[in-house]
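First comes the structure, then the notes that go with it.
The values are calculated or read from the model by the stated rules, or taken from the named source; none is laboratory data. Just so we're clear, the structure is a prediction, and the values are computed from it rather than from any experiment. Cβ atoms come from the backbone with ideal geometry, glycine included; neighbour counts cover every protein chain shown.
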Amino acid sequence: MQRLVLLILVSTVIFACTKPVPGFDEAKAFELLVVQCEIGPRFPGSEEIELCRNLIINELSKHNAQIEEQHFSAIVQGKEIEGVNIIASYYPRMSRRILLAAHYDTRPWADKESDPALHNSPILGANDAASGVAVLLELAAVIDRQEPAQYGIDLIFFDLEDMGEYDNNESWCLGSQYFADHYHKKLPEKAIVLDMIGDADLQIDMEYLSYHNSPELVNEVWNIAKELGFSEFQPRITKRIFDDHIPLITAGFEAVDIIDFEYPAWHTLQDTPDKCSAHSLYVVGQTLLNLIYREK
């Protein structure tokens, strides 16, 4: 009888110390996606990207992040362009850390439009930029309200991701290249890049280079999604994609890319909020919350 009482007490203590995984607010996340798009195309050097930067910083400040602006410059098509990575940290005293990242700049050229006359028009970037930023900002709100038991969290908003040339990988992801080259802290245990995760017809395969570098992390994320019933995460390895995770991998990070690259509106003027859905943001956001808050 005494042993039974002891087991009940131990079970009660364990249950009391284990908080449930918080929920992800898909409506708020989608609102954040729309607000970015209402600013307009947010390409480097524009007034609109300054407004977007202010939006991101204001949201992070509202949710009590420690914020650093990492200024850098890069040469793009023979011109020097200024960029700013935004680094937001939560619970910096915690040594075990997860890094989550997305780019916030949009492409200045709609060069995947069928009409060449439209190629110099900047894109709105609802999915290709705003979706990843929206998820990170809503995660910031959750992380501020409830401290994870095991991990401190760093949220990185990369600039100058989307001004590259299709036949030159190194011309892409300039913000993440700078960040990785100048990273001198202890590496996080896990690093995850979000890109193009708002597609209403969401299908996220295992990106080849992510799996090759960090198979355990890929499997952990995809298994969580499976347990949650999110069929949008497909357990198959597909194409190699040069994205913001590659500079992180090169610098030694355990880094993976969560991306749905099969998106017909990519780099066209059709990349607008009506091609995205709140549910897609929820699928990714809730999967990441489970990664952050599940105690092992």
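Data for the structure
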read-out: Segment 123-168 - residue that is more than 12 Å from the chain's Cα centre (by Cα) and β-branched (Val, Ile, Thr) and, of those, surrounded by the most Cβ atoms within 10 Å (Cβ to Cβ); value: 123
read-out: Cross-chain or 6+ apart pairs with Cβ under 8 Å, segment 90-117 first and in contact (Cβ under 8 Å) with a residue 24 or more places away in the chain and within 15 Å of residue 189 (Cβ to Cβ), then surrounded by fewer than 17 Cβ atoms within 10 Å (Cβ to Cβ) and basic (Lys, Arg); value: 95/186; 97/186
read-out: Residue in segment 266-284 that is closer than 14 Å to residue 131 by Cα, assigned to a helix (DSSP H, G or I) and β-branched (Val, Ile, Thr) present; value: yes
read-out: Residue list for segment 255-276, filter: surrounded by fewer than 20 Cβ atoms within 10 Å (Cβ to Cβ) and either in contact with a Ser or Thr (Cβ under 7 Å, 6 or more places away or on another chain) or hydroxyl-bearing (Ser, Thr, Tyr) (or both); value: 269, 272
read-out: Hey, residue 51 among the hydrophobic types (A, V, I, L, M, F, W, C), at pLDDT 95 or above, touching a Cys at 6+ places or on another chain (Cβ under 9 Å) and assigned to a helix (DSSP H, G or I) or not; value: no
read-out: For residue 107: the one exception among (1) over 19 Å from residue 275 (Cβ atoms); (2) of a type in the set (Lys, Arg); (3) surrounded by 19 or more Cβ atoms within 10 Å (Cβ to Cβ); value: (1)
read-out: Residue in segment 247-260 that is at pLDDT 95 or above, part of a loop (DSSP other than H, G, I, E, B), farther than 22 Å from residue 158 by Cα and within 17 Å of the chain's Cα centre (by Cα) present; value: no
read-out: Residue that is nearest to residue 45 (Cα to Cα) [pool: residues in segment 119-164 that are in a loop (DSSP other than H, G, I, E, B) and of a type in the set (Asp, Glu)]; value: 159
read-out: Close pairs from segment 177-197: first over 24 Å from residue 105 (Cβ atoms) and touching a residue at least 60 places away in the same chain (Cβ under 8 Å), partner among the β-branched types (Val, Ile, Thr) and assigned to a strand (DSSP E or B), Cβ under 6 Å, at least 6 apart; value: 190/98
read-out: Selection count, segment 54-87, where residues are within 27 Å of residue 271 (Cα to Cα), in a strand (DSSP E or B) and in contact (Cβ under 8 Å) with a residue 24 or more places away in the chain; value: 9
read-out: Near pairs, Cβ below 8 angstrom, 6+ apart or cross-chain, from segment 281-296 (within 19 Å of residue 205 (Cα to Cα) and in contact (Cβ under 8 Å) with a residue 12 or more places away in the chain) to any residue that is of a type in the set (Lys, Arg) and buried (at least 20 other Cβ atoms within 10 Å of the Cβ); value: 291/190
read-out: Selection from segment 243-285 of residues that are on the phi > 0 side of the Ramachandran plot and touching a Lys or Arg at 6+ places or on another chain (Cβ under 9 Å); value: 267
read-out: Residue 121 free of Cβ contacts under 8 Å to residues at least 12 places away in the same chain and under 24 Å from residue 165 (Cα atoms); value: no
read-out: Residue within segment 89-103 that is under 15 Å from the mean Cα position of the chain (by Cα), buried (at least 24 other Cβ atoms within 10 Å of the Cβ) and among the polar types (S, T, N, Q) present; value: no
read-out: Residue selected from segment 56-88 under the condition over 20 Å from residue 164 (Cα atoms), more than 16 Å from the chain's Cα centre (by Cα) and aliphatic (A, V, I, L, M), by the criterion surrounded by the most Cβ atoms within 10 Å (Cβ to Cβ); value: 65
